[in-house]
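The values are calculated or read from the model by the stated rules, or taken from the named source; none is laboratory data. Since we're looking at a predicted model, the values are computed, not measured. Cβ coordinates were reconstructed from backbone atoms using ideal geometry, including for glycine residues, and neighbour counts include every protein chain displayed. Only protein heavy atoms, including side chains, enter the accessible area calculation; ligands, DNA and RNA are left aside. Shrake-Rupley method; radii C 1.70, N 1.55, O 1.52, S 1.80 Å.
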Amino acid sequence: MLNCRSGVSALTLKINIEGHSSVIAYWLIPAEPAHRFFQRLIEDLARRYDAPLFEPHVTIHVGANYPDAAEKTLSRTAREWQPIHLKAVRIGHSDEFIKTVFVQFAPNRKLRQLNAIIRNAAQDSSHYELKPHLSLIYKYMPVTARRELADSIKVPFPEVIFDSFKAIRCISPTRSRADVDAWRLVATKKLSV
């Protein structure tokens with residue numbers, strides 16, 4: 001689904017022309033069996049609502065488009081960190097495209113430390129605000145439809161373990177299927193076990 005480095009020059013040119021910018025998003029990826037559960041749910045919702053596909057993830061930082069720094073940051077951080085446990089709090093919804101219906105997680109000390117370490121390692125002064133969630137669908141929907149969908153979803157995990165990182169080049173802000181389709185994998189690393 002995400003191609004590493006393919007079409008980067010054309011993508012960058014397109015982004016600059018259309019008035020968007022390109023950023024690097026740092027993701028935590030859930031371990032099995034949660035990854036499989038969330039991926040199937042995302043695929044089912046995408047099919048039912050004609051929405052884009054994406055990998056289940058929790059964004060822990062969004063910063064400057066420096067692919068080399070992102071790869072070094074992930075390598076260094078992955079060696080020093082063990083899998084992260086996050087407590088699922090609720091299923092929420094919003095009118096934001098990339099946060100239509102989502103699983104909200106409780107922030108914890110380790111996650112905040114990880115956010116600070118990645119921001120510092122990437123030498124990034126971005127003011128990204130950490131609000132840990134895992135989106136289940138990206139789609140503009142009426143509030144009643146979002147609410148009904150959120151109320152219908154049951155997550156069988158009170159806590160989710162995240163065991164790997166990814167750095168993704170994204171269009172910012174992401175507001176459409178085309179923006180999601182333009183995402184590109186920059187780096188991926190497993191956390192130490």
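Structure above, values below:
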read-out: Qualifying positions in region 136-164 - touching a Ser or Thr at 6+ places or on another chain (Cβ under 7 Å), under 21 Å from SER176 (Cα atoms) and outside any helix (DSSP H, G or I); value: ILE137, TYR138, LYS139, MET141
read-out: Selection from region 86-103 of residues that are assigned to a strand (DSSP E or B) and either more than 18 Å from PHE38 (Cβ to Cβ) or open to solvent by 30 Å² or more (accessible area, probe 1.4 Å) (or both); value: LYS87, VAL89, ARG90, ILE91, HIS93
read-out: Selection from region 165-183 of residues that are buried (at least 19 other Cβ atoms within 10 Å of the Cβ), of a type outside the set (Val, Ile, Thr) and outside any loop (DSSP other than H, G, I, E, B); value: PHE165, LYS166, ALA167, ARG169, CYS170, ASP179
read-out: Test for ALA31: is it in contact (Cβ under 8 Å) with a residue 12 or more places away in the chain and more than 19 Å from PRO132 (Cα to Cα); value: no
read-out: Residue under evaluation GLN123, criteria (1) part of a helix (DSSP H, G or I); (2) open to solvent by 40 Å² or more (accessible area, probe 1.4 Å), criterion not met; value: (1)
read-out: Every pair of residues 6+ apart whose Cβ atoms lie under 8 Å, when the first sits in region 34-55 and is farther than 18 Å from GLU148 by Cβ while the second is surrounded by fewer than 19 Cβ atoms within 10 Å (Cβ to Cβ) and of a type in the set (Lys, Arg); value: PRO52/ARG177
read-out: The listed residue being among the polar types (S, T, N, Q), at pLDDT 85 or above and farther than 19 Å from LYS131 by Cα, out of SER22, SER6; value: SER22
read-out: Answer from LEU149, LEU134 - the residue that is touching a residue at least 12 places away in the same chain (Cβ under 8 Å), within 17 Å of the chain's Cα centre (by Cα), surrounded by 12 or more Cβ atoms within 10 Å (Cβ to Cβ) and under 22 Å from ARG47 (Cα atoms); value: LEU134
read-out: Residue within region 106-116 that is touching a helix residue (DSSP H, G or I) at 6+ places or on another chain (Cβ under 6 Å) and not in a loop (DSSP other than H, G, I, E, B) present; value: no
read-out: Residue check, GLN82 part of a helix (DSSP H, G or I) and among the polar types (S, T, N, Q); value: no
read-out: Meets criteria (more than 13 Å from the chain's Cα centre (by Cα), loosely packed, with under 13 Cβ neighbours inside 10 Å and at pLDDT 95 or above) for ALA106; value: yes
read-out: Hits in region 40-85 (condition: at pLDDT 90 or above, open to solvent by less than 10 Å² (accessible area, probe 1.4 Å) and either acidic (Asp, Glu) or within 13 Å of TRP27 (Cβ to Cβ) (or both)); value: PHE54, PRO56, VAL58, ILE60, HIS61, ILE84
